[in-house]
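The values are calculated or read from the model by the stated rules, or taken from the named source; none is laboratory data. Quantities reported herein were computed from a predicted structural model and do not represent experimental measurements. Glycine gets a Cβ as well: all are built from the backbone with ideal geometry, and neighbour counts include every protein chain shown.
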Amino acid sequence: MPIRGKKRRFTDTNISNAPNCNGVYVLTKYGKTIYIGKGEGTGGVRSRIEAAKRDTRGRGKATSFQIERCKDPTEREKQLLEQYWKQYRKLPRYNDRIG
């Protein structure tokens, strides 16, 4: 099942308005998934997306993102990565492993 969240442009304003909740997020570049991640604890997904924005070599080049709130971000991230692997036989560009 794909991530359940509204697609937002990868801008400072949208990132600062992102919730600081537990959940998963997907970064895309021109519609193509480049990273699937999770955020939990203090700062939640917002802090992880803010960190991605500062990544000048890869994830920071995203053009949009989606967030899905969930109780178990680790398990949901694993599900999303496994689904991606089954569909494309590879991981998103900036993910290096499942789990």
Requested in this report: May I ask you to verify whether Ile49 is touching a helix residue (DSSP H, G or I) at 6+ places or on another chain (Cβ under 8 Å), touching a residue at least 24 places away in the same chain (Cβ under 8 Å) and in a helix (DSSP H, G or I)?
Outcome: yes
Query - Any hit, segment 54-63, residues being part of a helix (DSSP H, G or I), over 21 Å from Asn22 (Cβ atoms), within 12 Å of the chain's Cα centre (by Cα) and of a type outside the set (Asp, Glu) - result: yes
Query raised in the report: Only one of (1) among the polar types (S, T, N, Q); (2) over 22 Å from Asp96 (Cα atoms); (3) surrounded by 16 or more Cβ atoms within 10 Å (Cβ to Cβ) fails for Thr13. Which number is that?
Result: (3)
Query raised in the report: So, in segment 74-95, of the ones that are more than 14 Å from the chain's Cα centre (by Cα) and not in a helix (DSSP H, G or I), which residue ends up farthest from Leu27 (Cα to Cα)?
Result: Arg89
Requested in this report: Could you check, for segment 1-9, whether at least one of its residues is assigned to a strand (DSSP E or B) and surrounded by 16 or more Cβ atoms within 10 Å (Cβ to Cβ)?
Outcome: yes
**Report entry** Only listed residue being at pLDDT below 95 and buried (at least 19 other Cβ atoms within 10 Å of the Cβ), chosen from Arg76, Arg59, Arg46
**Finding:** Arg59
